[in-house]
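Scroll down for the structure; my scribbles are underneath it.
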Amino acid sequence: MLDLHRLTKSFGKGDSAVTALHEVSFSIAEGEFFTLLGPSGCGKTTLLRLIAGFEPPSGGALVLDGRDIAHVPPNQRPVNTVFQNYALFPHMTVAENVGFALGAQGRPRAEIAATVERMLALVKLSHLAGRKSAALSGGQQQRVALARALAARPRILLLDEPLSALDMKLRKEMQVELKRLQQETGLTFIFVTHDQEEALTMSDRIAVMAGGRIQQIASPRDLYDQPANRFVAGFIGETNFLPAHCTAGRLTLPQAAAPLPVPHADGPVTVMIRPEHVALGQARPDALVLTAQVDRLVYFGTDTHVHLHLSDGSPLVARVQNALRGGQPCAAGQTIPVSLPGEALRLLPCDEAA
Amino acid sequence: MADRAFDTRRLPGATVLALACFVILYIPMVILVANSFNTGKVIGQWEGVSLHWYARALQNDAFLAAARTSLILASLAALIATITATMAALATTRSRGFRGEGTIHIVLNQPIMVPEIVLAIALLIIIAQIKQATGYTGLGYLVIAHSAFCIPFAYMPIRARLEGMDLTLETAAADLYAGRLYTFRKVTLPLLAPGILAGFMLAFVISLDDVVISDFLKSPGQDTLPTYLLGELRRNLTSEIYAISSLLLLISVLIVAGSWLLTRKKT
Ligand SMILES: Nc1ncnc2c1ncn2[C@@H]1O[C@H](COP(=O)(O)OP(=O)(O)OP(=O)(O)O)[C@@H](O)[C@H]1O
Ligand SMILES: [Mg+2]
């Protein structure tokens, strides 16, 4: 329903120009929970502002339901925003805030009142309808902002880090709440966050951005299991990188006992493996087997992180699930065999700048 | 508390100096107000408390006419100045910087800087000619002149309010299908209202208290409260003047206090 085609945005002119978005292209389907994830300054807000219409693109097309809306003013786009600071109108009551969009559209009073009531019930704030919006807690303001943006039933709801101002507990609650709202209303959400856990737990698909470019768009599982490049692999979850080489369909690591057959073109590669896939102790046949020395163990409750280093000094982290009566998987200072199972290895081009 | 910010209260003699300033500023006014309640005619000869002089003033047609002129003049001038100042403040904060914006600032605030007597003489030269050419001798000249020098006073609180306003509120309104006019009416104006009211009140008081320009530009027989008082002072010093001055003082203090309360709220 929403297609971005080589959307570009530059600020300023001449030498001082900053390109915040480089030819961003993707499509979002009806009813999707789509997340933009990336480090600070990667252009997430800029992209959202282009979709909302607060900023014209410098190039490219923005097509909603078959119509190019790149230069349609924001008040004529069926797209609403939940702002990071909520931007509630302080001089209005909660109900007036929620009814604002319908009032601006000139809908009849009775319809506005009915919709406001329905929206407040949806976000469980009916009891605060008459309260001035300045006299609300952070979580309540958040809900009002949501209800206000949903009231006119936009085609797409844009949310710019809506949970970042909330404390941990409230944040978890609102994550569940948001997901429930999205499923109940069947609306399309574009959600911005720089919290990877939030992105993984809530999204149907995630677009990872860096430096104004899309790095990868995939489902949370695919993003974690099959990162497209070193940036994505390092940004989502914890991971190990080891330099390696492919020769004649076999992967060789300088420290490995024997090479492993892999379907990959010859040349230098970066091997990526998640800490939970690194197996300690036993030597397995379908794996690269290395010898490593244990530096220290860090206890995390559900699991223990084992920090190791290989003979050339490169670090490796293994995550071992804690058994009920297991004791420590190994001891600091020990030298042990470590297996990297073939199916858990991802080979990434090694010239990639991290 | 060694790293506390610089505190003037701890300077030697600061308290004494401050007290002295207050005494010098306010004792004469207190004496004036006190004397307005003196039944007797001569300052210093206390003959009992009464509202005698206030009653006299309220039966004085010349005073009443001057008071009426002053109130009409101040209302009109404050209204025009406030509307102009609101538009100027919106233009200088809401638009992306435009050429000549700095100049506009200087031009807007010039009446505060230029000596009032110079402004008065300059206006007198032009207006005398217009008077001669048109024959019109009404309040219009004073309204225009007062509006002009009241603009910067109305502009300051309005601009301060605008600068403190969250711009995303207007963006949010646009996002929620509001056009420019609807946004201005429902969001910008209500949020700006305390600043506008404060600006209006300040402009009103400034106009009400003006002597120099009014005295230069008024047509014969025309009087505002201050020029009337000035004229009376020159002729005969009666306690009625104290009563009238006290009334003027009361109005000014009330309005300034009101404007202060409005701008202070919500900061
Ligand atoms: N109005 C502007 N003028 C100039 N440069 C801008 C403007 N807005 C954004 N930028 C630049 O564009 C880049 C992307 O900014 P953007 O706000 O989109 O980042 P973001 O991903 O939302 O970051 P954050 O997570 O910190 O909110 C930044 O380098 C920023 O400095
Ligand atoms: Mg941002």
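The values are calculated or read from the model by the stated rules, or taken from the named source; none is laboratory data. On a predicted model such as this, the values are computed, not experimentally measured, just so you know. In this analysis, Cβ positions are derived from the backbone assuming ideal geometry, glycine residues included, and neighbour counts consider all displayed protein chains. Heavy atoms of the whole protein, side chains included, go into the accessibility calculation; ligands, DNA and RNA do not. Shrake-Rupley method; radii C 1.70, N 1.55, O 1.52, S 1.80 Å.
Some observations on this one:
- Condition broken by residue A:94, with the remaining ones in (1) more than 8 Å from chain B (Cβ to nearest Cβ); (2) touching a Ser or Thr at 6+ places or on another chain (Cβ under 7 Å); (3) closer than 28 Å to residue A:50 by Cβ satisfied: (3)
- Of the residues making up region A:32-46, those that are within 14 Å of another protein chain (Cβ to nearest Cβ) and away from ligand 2 (no atom under 11 Å from the Cβ) number 0.
- Selection count, region A:137-158, where residues are polar (S, T, N, Q), open to solvent by 10 Å² or more (accessible area, probe 1.4 Å) and not in a loop (DSSP other than H, G, I, E, B): 2
- Where residue A:321 falls short, out of the listed (1) polar (S, T, N, Q); (2) over 28 Å from residue A:200 (Cβ atoms); (3) open to solvent by 40 Å² or more (accessible area, probe 1.4 Å): (2)
- Residues being hydrophobic (A, V, I, L, M, F, W, C) and within 14 Å of residue A:150 (Cβ to Cβ) - total across region A:95-111: 4
- Which listed residue, of A:84, A:105, A:76, is within 27 Å of residue A:223 (Cβ to Cβ), among the polar types (S, T, N, Q), within 11 Å of chain B (Cβ to nearest Cβ) and open to solvent by 40 Å² or more (accessible area, probe 1.4 Å): A:84
- Filtered by the rule that a residue be of a type in the set (D, E, K, R) and either within 16 Å of ligand 1 (Cβ to nearest atom) or buried (at least 18 other Cβ atoms within 10 Å of the Cβ) (or both), region A:184-204 gives A:195, A:197, A:198.
- Residue within region B:160-169 that is within 22 Å of the chain's Cα centre (by Cα) and within 14 Å of chain A (Cβ to nearest Cβ) present: yes
- Residue that is among the aliphatic types (A, V, I, L, M), at pLDDT below 85, over 19 Å from residue B:202 (Cα atoms) and part of a helix (DSSP H, G or I), where the choices are B:126, B:104, B:130, B:117: B:104
- Answer from B:219, B:214 - the residue that is surrounded by 22 or more Cβ atoms within 10 Å (Cβ to Cβ) and either closer than 29 Å to residue B:107 by Cβ or facing another protein chain (nearest Cβ under 10 Å) (or both): B:214
- Residues of region A:9-48 that are within 11 Å of ligand 1 (Cβ to nearest atom), assigned to a helix (DSSP H, G or I) and open to solvent by 20 Å² or more (accessible area, probe 1.4 Å): A:16, A:45, A:46.
- Residue in region A:328-339 that is at pLDDT below 80 and open to solvent by less than 70 Å² (accessible area, probe 1.4 Å) present: yes
Quick grid of which residues meet (1) within 16 Å of ligand 1 (Cβ to nearest atom); (2) open to solvent by less than 40 Å² (accessible area, probe 1.4 Å); (3) farther than 23 Å from residue A:49 by Cα; (4) touching a residue at least 12 places away in the same chain (Cβ under 8 Å):
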{"residue": "A:206", "(1), (2), (3), (4)": "yes, yes, no, yes"}
{"residue": "A:209", "(1), (2), (3), (4)": "yes, yes, no, yes"}
{"residue": "A:213", "(1), (2), (3), (4)": "yes, no, no, yes"}
{"residue": "A:221", "(1), (2), (3), (4)": "no, no, yes, no"}
{"residue": "A:245", "(1), (2), (3), (4)": "no, no, yes, yes"}
{"residue": "A:268", "(1), (2), (3), (4)": "no, no, yes, yes"}
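- Meets criteria (without any contact (Cβ under 8 Å) to a residue 60 or more places away in the chain, within 14 Å of chain B (Cβ to nearest Cβ) and among the basic types (Lys, Arg)) for residue A:132: yes
- Test result for residue A:100, of a type outside the set (D, E, K, R), within 16 Å of ligand 2 (Cβ to nearest atom) and at pLDDT 90 or above: no
- If only residues of region A:55-73 that are open to solvent by 40 Å² or more (accessible area, probe 1.4 Å) and within 20 Å of residue A:187 (Cβ to Cβ) are counted, the one that is farthest from the other protein chains (Cβ to nearest Cβ) is A:66.
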